1. How much length, in nm to one decimal, is gained on full extension between B:TRP345 and B:ARG66, taken as 0.36 nm per residue of separation minus their Cα-Cα distance?
2. Along the Cα→Cβ direction, 7 angstrom out, place labels at B:ILE35 and B:THR172. What is the inter-label distance in nm?
3. Of B:ARG173, B:ARG201, B:ARG163, which has the largest mean-square fluctuation in a 10 Å C-alpha GNM of chain B?
4. Please average, across the residues of A:90-102, the number of beta carbons from any other chain that are within 10 Å of each residue's own beta carbon, and give a whole number.
5. GNM, chain B, Cα, under 10 Å: largest mean-square fluctuation among B:THR128, B:THR192, B:THR324?
6. Assuming 0.36 nm per residue, please report the length gained on full extension of the stretch B:ALA4 to B:PHE43 beyond their Cα-Cα distance.
7. Nearest-5 percent of antiparallel DSSP beta bridges in region A:127-248?
8. Identify all lysines with a Cα-Cα distance to A:LYS232 below 24 Å; exclude those on the same chain that are fewer than 8 residues away in sequence.
Amino acid sequence: MVKESSLNTDPDVVIALHDCSIQFGKFRAIDRVSFNVHAGEVFGLLGPNGSGKTTLIRALCGLLNFSEGEASVFGLNVRTQAEKIREQVGYMSQKFSLYGDLTVQENMDFYCGIYGLSRAQAKQRQAELVELTGLAPYRTRSASKLSGGWKQRLAMVCSLMHRPRLVFLDEPTAGVDPVARRELWDLLFRLASEGITLVVTTHYMDEAERCGRVGYLYLSHLLALGTPKDLKHLPTITPVGSKRWEIRGGVSAEVLAKLRSRAGIHEATIFGQAVHALIDDNVSLNDLKAEGLDILAADANLEDVFVTLARQASKENGS
Amino acid sequence: MNLAAWQRIRFIAYKEMLHIVRDPQTLFFTLFIPIVEMFLLGFAINTNVRDVSTVVVDFCNTQESRRLIEQFENSGDFEVLKYCDSEREAQAYIVAGNAQVGIIIPEDFSRKIEAGQTSPFAVLVDGTVSSIAAESLNVGNAIALRASLGQVLKGKELPIEARPSVMFNPDTRSAWFFLPGLMVVMCQMLATILSANAIVREKESGTLEQFYMTPVRRGEVILGKMIPYVVQTAIEFAIILLVMYTIFQVPIRGHVLLLFALLLPFTLTMLAFGLLISTKADTKDAAGQMAMGTIIPSIFLSGYVFPIDSMPEIFKTISYFIPTTWLIDAARGILLRGTDWTTLWQHTLVLWIMAIVVTTIAALRMRKQV
C-alpha cells in the first residue's frame, strides 16, 4: 500500500490516516487505522459506544497524540501543527456544549472572539449563519432555555463561525426529534455542497445511509470502509452458500423463535411485520411455506452489515 | 503574545465575568458569608478569659477570708456564682459544669495568718477548657502572692512592680487579632473554590472539550479565567476591610495599598491551587472537598487561630510554606502595627515566589491533561 499520508500533497485529500494507533496505558483505543477523507465528502464514522470514534476525532484535532502512524489534516501534521489545524476545523460534540447561562448572541460572540474574527467579520458571519439556521428569534434567549433541536443548531453555528473547511460532528443528532434531525441533515448537505468536508459519527442507520462513505469502527479496529452500497455487497456479509431472506406473515415473534431453534440460520431478527435472516442454502424452509408464510429474497441493510462484521470480529478475537 | 492571543484572553475574561454576574446566588453567598463570619468572630468569640463562674466555700468566714474572695472578684476574671456550705456541694457544681472554679478557704485560714504560719487555701480548677484553667491558675497564684506580700510589707509600698503596657491593641480585643486573619482566610477560600469551579464546571458541561477544539492555548485559558477572579477576590477583600474598619474599628495604621500589593501574589497562588484541584477533580463536589482539604491546614497552621510561636518545631517549619501564614502576618502588621516596606519586602518576595511556582505547576499539569 502507498503511504498516502506521507506524500499527501493532494489538495483533494483532507484527512489522511496511515496505520494510526492510540494507546492509553495497556488499552489500545485505536488500532492501526488507515483511511482518507476527500474534500467535500460526507464521511460517516460508525461503531458501538467505546469503539474509538470520539478518540479518533480528538486525536485528529491534536487533543490526543497518535502513538503510532502518520496522520495529517489539510496536509498539516497532526502531531506538530495541531493549532493550525484547529483554526480551520469546526467541532460539534455529542452533548450540548455551549454556555447555558449565556444568551444565544453571547455564545456566538464568544466563539467569534475565540476564533479571532474582527467585529465586522463577526457581524457579517453571524448574520449569514442566523439566516441559514433560522436562529434569529432566539438571539436574546439563554442557551439553556432552547429546545434540543435549536441547541444543536446553535452549537453548529458556533462551530462554523470561522468558516472551517472541515467539520467534525460527534453524534450531532443524539436525542433530537426526527423533524429537527432531518432539518439538521438538510443543513449539513448545504454545507457539503459549499465544499465543506464533514465527518459525522452516528448510531442512526438512516443517517449512515445518507453519508457518501462510511467507516465502521469496532473494538478499536476499522472493520469496513466504503459507500453504504459497497458495504451491503461485501462478500463477508452474505457468505457464499447462504442467502438473506425476509419472511412475512404470521406472528413475527413466533416465527423468530422457530427460526432461531434451527441449525444453519444466522442473525434472525424482527423488522416490523417481517423477520430477516441469513440462512444457509441447504436449510429447507418448505414447512414455513406450507404454513402460508411469504419468503422473499432480501438485501442486507447497513444494520445487517455492522452486526455481521461485529460478530465476526468478536469470534476472531475470542478464538 | 500576539494580537489574536490578547483577543482570546479578553473574550474568555468577559465570558467568565458574565458567568459571575449571571449567578447572583453564588455572588451573594461569596460576599455574604464572610460578613456573617466576621460578626460571629468579631462579637461572639472572645478568647480573653473573663467572668469565669466560680463557687466559694468559706469555712473561715472572717474579714481576711472575705477580703481574699473580694480580690478574686475584683480581678474581673472570676464571677462568684454561689457560696456553698460544703466541699462536696462545690465539687458537684464543677462536675455538673455549672462552675469552672471552686475556692475553698479552711476554717483556720485567719488564725494561721495571725500566727505567722503559711495559710493555705484551695483553688479547684476544671481543666477541660485549657485556656480557662491556665488563666485561673495564674490569676489565683497572683492573688495569693499579692496577699502574701501585703501581709509581709504591712502597708509599705511594693519594692518592685511591673508596669505592662499593651501596644497596638491596648484593650487586648480578640476581634483585632481574628479579623485580619479572617479576611485572608476568606479570600483564600473564595479564590481557591472559584477557580477550581471555573474549570470543573466546564468539564461537567462538556464546554471545556468544545473550548479546546478551538485554537485557544492553555495559557490563555488560565489567564483569561484568572483575571475576573482576581478582581472579585480584591472586591471581597475590600468589603471585609471596610466592615472591619467601620464596624469593628480595627485600625489601619499602615498603607492599605501595600496590603493590596501583597494580596495580588497571594490571590494568584490560591487561584493556581484551584486550577491544580480542577485537574484532579471531575465534579464540583469533589473539587469542593479537595479545596477544603487545602484550606483547613492553612486555617490551623497559619497563625490565624493558634499562635505559630507556640507550635512544635516541625509545624512551625510547615507554616512557613503556607502562603496564608505570610499574608496574615503582613495584614496584622500593616493594620495593627503600621509595619512598612522595610520588613514586608520579605513577605512580598516569598508570596511572589509561591505564586510563580504554583502557577507554573498548574499550567504544566493542565497542559499534560487534555
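Only the coordinates and a few stated rules stand behind these numbers; no lab work does. Keep in mind that what you see is a predicted model, and the values were worked out from it rather than measured. Positions of Cβ are backbone-derived with ideal geometry, glycine not excepted, and every protein chain shown enters the neighbour counts.
1. 94.8 nm
2. Each label point lies 7 Å from its Cα, and together they span 3.3 nm.
3. Maximum among the listed residues: B:ARG163.
4. Taking all residues of A:90-102 together, the mean is 5.
5. Result for chain B, Cα springs under 10 Å: B:THR128 fluctuates most.
6. Result: 8.8 nm gained on full extension.
7. Looking only at bridges with both residues in region A:127-248, the antiparallel portion is about 50 percent.
8. Excluding near neighbours in sequence, the set is A:LYS53, A:LYS243, A:LYS315.
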